[in-house]
Each structure stands twice: as C-alpha cells, then as structure tokens.
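The block underneath contains the structure these notes are about, expressed in structure tokens.
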Amino acid sequence: MSKLKSFAKITAFACGLGLCGWGAYEMTRPAYDGTSGITYGSAHAPVRNRDVDFHVWYPAMPGGRAITVGGNGVFYGTPAGRNAPRQAGQFPAIIISHGAGGNAGQFGWIASKLAQAGFVVVLPNHPGTTTGNASAEAAVRVWERPSDVTAVLDEITSNAEDYPFIDAGRISVLGFSAGGYTAMALSGARVDPGRLQRFCDLTDHGMSDCAFLAHFGIDLHSLDLSPAGQDLRDTRIRSAVIVDPGIVSTLTEESLSQIDIPMLVINLGDEGTIPNGVNARDAVPLIPQAQYRLVPDSTHFSFLAECKPAGPRILENEGELDPLCEDAGGRSRANIHAELSDIIVSYLLDKV
C-alpha cells in the first residue's frame with residue numbers, strides 16, 4: 001500500500017476516535033485561489049531503514065485550503081493550496097534536494113514558480129541533514145542523500161495510480177549546496193573517497209563545513225568513506241540543474257566526463273567571490289552537456305528563503321556561524337530569486 005493511502009487511512013481512523021481538532025482547524029482556513037497546490041507523501045529508504053517524507057507541489061486550480069509552506073521567525077514562507085484540485089493532465093517532475101541543515105519548506109519560492117510553469121515538484125527532507133535533526137555524523141554520509149531521492153522515485157513510479165499527474169518519463173533534478181552534490185551524484189558523478197577524507201586537511205574552502213565537523217569531533221581520516229565512491233546514478237533523471245554544489249572538488253574527473261544528460265551549473269556570486277568549496281567552474285568543462293552561469297551580486301546563502309527583518313538578530317542570538325540572511329551588492333533576495341527562477345524554469349522547460 002502506498003504511503004499516501006496509508007496516511008489517509010490513519011487520518012480517517014484518528015477522526016473516528018474524535019481526534020479531529022487539527023482537522024477542524026484546517027477546515028477553518030480560507031479557500032485557496034491560486035494555482036500552486038501542495039500535498040505530502042513518504043517513501044521507505046532502504047539505505048536508512050526508515051521513511052523519508054516529501055512535499056509535492058503541482059499545477060492546481062483554485063480550491064483546497066490556503067496555507068503557508070515553510071517560514072519561521074527567521075524566514076518567510078510561501079502561500080500554497082493544501083490539496084487544491086489538480087489541473088488536468090500529466091506533468092514533468094522536478095526533484096529538489098535541499099542543502100545540509102535545510103528543509104523542503106525553504107524552497108517554496110522556486111517550487112511555486114515551477115508548479116505555475118507546469119511542473120510537479122517533489123522535495124524530500126533528507127534525514128540527518130534536515131533542519132531540527134541535522135548532525136555532523138550524518139552530514140559526512142553523503143551517499144545516503146542520493147539514495148533518498150531514488151527511494152522517493154521508487155515510491156512514485158511503483159504507485160503510479162497515486163501519482164497519475166506525474167509523467168515518469170520526464171524527470172529532472174535540482175539541487176542546492178549539499179543538494180547540488182546530491183543532484184550531481186544522481187546524474188553520474190562519483191566521489192573519490194580519498195579526496196573526501198582529505199577535504200579538511202589544508203583549508204576550510206571558504207565555508208564553515210570543516211569547522212562544523214571539527215566542533216563535533218569528526219575526523220574524516222578515522223571514518224570509512226568508501227561508500228561515497230559508489231555509483232549512485234538514477235537513470236530516470238533526464239536533466240539536472242546544480243546550484244553551488246557541495247564537495248565538488250572531490251568528484252572524479254572520469255565520472256564527470258561520463259555524465260550523459262543535459263546539465264546547467266550555477267554559481268552564486270561574481271568571479272573571485274565564490275567559496276572554493278562550491279566553485280564548479282573547473283568541473284563544468286569536463287561534463288559533455290553542461291552549461292555554466294553566474295548569478296551576480298549574490299552569496300552562497302541567497303538560495304534560502306527571504307529573511308524577515310528580525311532574522312539576522314535571531315540567528316546571531318542562536319550562535320549561527322553563517323550569514324544566512326546576507327546577500328551582496330545591495331541587491332534584494334527577492335530580486336535574486338526572480339533571476340534564479342527565470343534561469344531555472346527556462347532551462348527546464350527547454351529540456352522536458
């Protein structure tokens with residue numbers, strides 16, 4: 001039985017026991033009048049021996065209940081229609097992989113644009129590297145993230161009757177930061193485990209990753225990282241968009257040269273400002289069908305949701321190491337998102 005059906009049955013059972021307070025609250029929400037619907041699912045991930053939950057955005061008609069996806073004291077969320085009626089037909093699917101410490105809810109700004117452009121958008125929450133349950137130990141097990149996506153695709157393609165609006169023959173992947181690595185691995189890139197073990201030996205690559213690992217006592221040389229070198233390609237992926245890919249310097253030249261799908265690689269920032277840890281300029285010429293773009297006056301964290309006015313103060317009080325709310329050049333994050341959305345949507349429309 002699919003997880004989508006199981007969830008519906010559990011909900012009905014709970015209501016039968018009189019536990020519908022939450023459901024009553026949902027019914028009081030105003031009706032949604034937009035065209036970006038959202039629902040939720042889960043998939044069993046064998047590599048983790050647990051379920052991975054995911055969001056599903058889709059082209060919708062007015063209806064359902066108006067909700068805000070994501071958002072907290074730091075970040076704004078995105079409006080969507082919970083269980084809004086689907087538009088008729090089948091649509092190409094985009095899998096979005098979030099960065100380490102992020103979550104599916106942070107990407108409503110691009111998921112809603114893709115849904116409005118005629119895509120179904122599937123966003124897994126990667127266990128161990130998701131907001132609220134992230135750990136240094138899990139962050140090092142990079143090979144688990146691509147396997148999460150494969151598990152989600154298995155769930156969708158094995159239960160086509162629950163996802164009749166997804167065209168399983170037209171699937172792309174979009175990844176940000178650690179999700180950028182994830183998308184590259186799904187496209188055929190492979191890590192050199194030795195390079196990964198040496199990743200923090202001589203430099204921090206202009207990012208906080210190595211400080212994060214050191215703070216929690218992680219010594220990469222003491223770990224068995226050989227699983228990182230396995231082939232994690234998922235042949236159902238037909239094209240990819242990569243934004244500031246993590247650990248890109250650990251990817252083997254041979255595997256990059258064997259990627260056989262169209263790929264757009266984007267770095268956030270100007271020449272000379274991109275952290276070495278995510279700078280993909282040298283990798284792109286090795287990939288036969290890759291294109292490369294810069295988004296100027298932006299930073300690595302410009303792909304996160306827009307920050308609320310109190311966001312920087314809250315992050316400072318919480319001891320956050322990274323400037324998550326800072327952009328560059330006096331440009332607003334909304335403006336950066338608009339440019340990124342135009343680039344990503346145009347590219348994917350051309351490839352499906």
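The values are calculated or read from the model by the stated rules, or taken from the named source; none is laboratory data. Predicted model, so just to flag it, every value in this text is computed and none were measured. FYI the Cβ positions are ideal-geometry reconstructions off the backbone, even for glycines, and counts take in every protein chain you see. SASA here: full protein model, heavy atoms, side chains in, ligands and nucleic acids out. Shrake-Rupley method; radii C 1.70, N 1.55, O 1.52, S 1.80 Å.
Counting only other residues whose beta carbon sits under 14 Å from that of A338, what net charge do I get with K and R as +1, D and E as -1?
-2
Tell me the Kirkwood radius of segment 88-199: reciprocal of the mean inverse pair distance over distinct alpha-carbon atoms, in Å.
Roughly 14.7 Å, rounded to one decimal.
So, with +1 on the Cβ of K and R and -1 on the Cβ of D and E, and no other charges, what is the size of the charge dipole of the chain about its Cα centre, to the nearest 20 debye?
Taking the Cα centre of the chain as origin, the dipole is about 1180 debye.
What percentage of the solvent-accessible surface of the chain, computed with a 1.4 Å probe over protein heavy atoms, is contributed by carbon and sulfur atoms?
On the chain, the fraction of accessible area on carbon and sulfur atoms equals 53 percent.
Among F75, V122, T252, whose Cα sits farthest toward the positive end of the charge dipole of the chain (+1 at Cβ of Lys/Arg, -1 at Cβ of Asp/Glu, about the Cα centre)?
V122
Sorting check: for 293-300, 110-117, 341-348, which peptide has the highest mean count of neighbouring beta carbons within 10 Å, and how do the rest follow?
110-117, 293-300, 341-348
Cα axis of helix 144-158 to longest principal axis of the chain: angle in degrees, 0 to 90, nearest 10?
Its long axis makes an angle of about 30 degrees.
Please find the FRET efficiency linking R195 to A31, where r is the Cβ-Cβ separation and R0 is fixed at 51 Å, and quote it to the nearest 0.05.
Efficiency computed from Cβ-Cβ geometry: 0.45.
Given a Förster distance of 22 Å, report the FRET efficiency between H221 and S135 from their Cβ-Cβ distance, rounded to the nearest 0.05.
0.70
Around T130, what is the net charge, scoring Lys/Arg as +1 and Asp/Glu as -1 over all other residues with Cβ under 15 Å from its Cβ?
Net charge around T130: -1.
Can you give the charge dipole size of segment 138-198 about its Cα centre, rounded to the nearest 20 debye, using +1 on the beta carbon of Lys and Arg and -1 on the beta carbon of Asp and Glu?
My answer is approximately 560 debye.
In a solvent-free Debye calculation with one equal scatterer on each Cα, what is log10 I(q)/I(0) for the chain at q = 0.12, 0.15 Å⁻¹, listed in the order of the q values?
Evaluating at q = 0.12, 0.15 Å⁻¹ gives log10 I(q)/I(0) of -0.87, -1.38.
Tell me, how many Å apart are the Cα centres for segment 30-63 and for segment 90-152?
11
First measure r as the distance between the Cβ atoms of N83 and L202, then evaluate 1/(1 + (r/R0)^6) with R0 = 51 Å and state the FRET efficiency to the nearest 0.05.
Efficiency, from the Cβ-Cβ distance: 0.50.
Per the helix-only calculation at 222 nm, which mean residue ellipticity applies to the chain, given -39500 (n - 2.57) for every DSSP H run of n ≥ 4 and division by its residues, nearest 500 deg cm²/dmol?
Mean residue ellipticity, 222 nm, calculated: -8500 deg cm²/dmol.
Could you state the accessible area per residue of the chain in Å², with a 1.4 Å probe and every protein chain left in place?
Accessible area per residue, the chain: 43 Å².
Quick one: Cα convex hull volume of segment 191-254, Å³ per residue?
116
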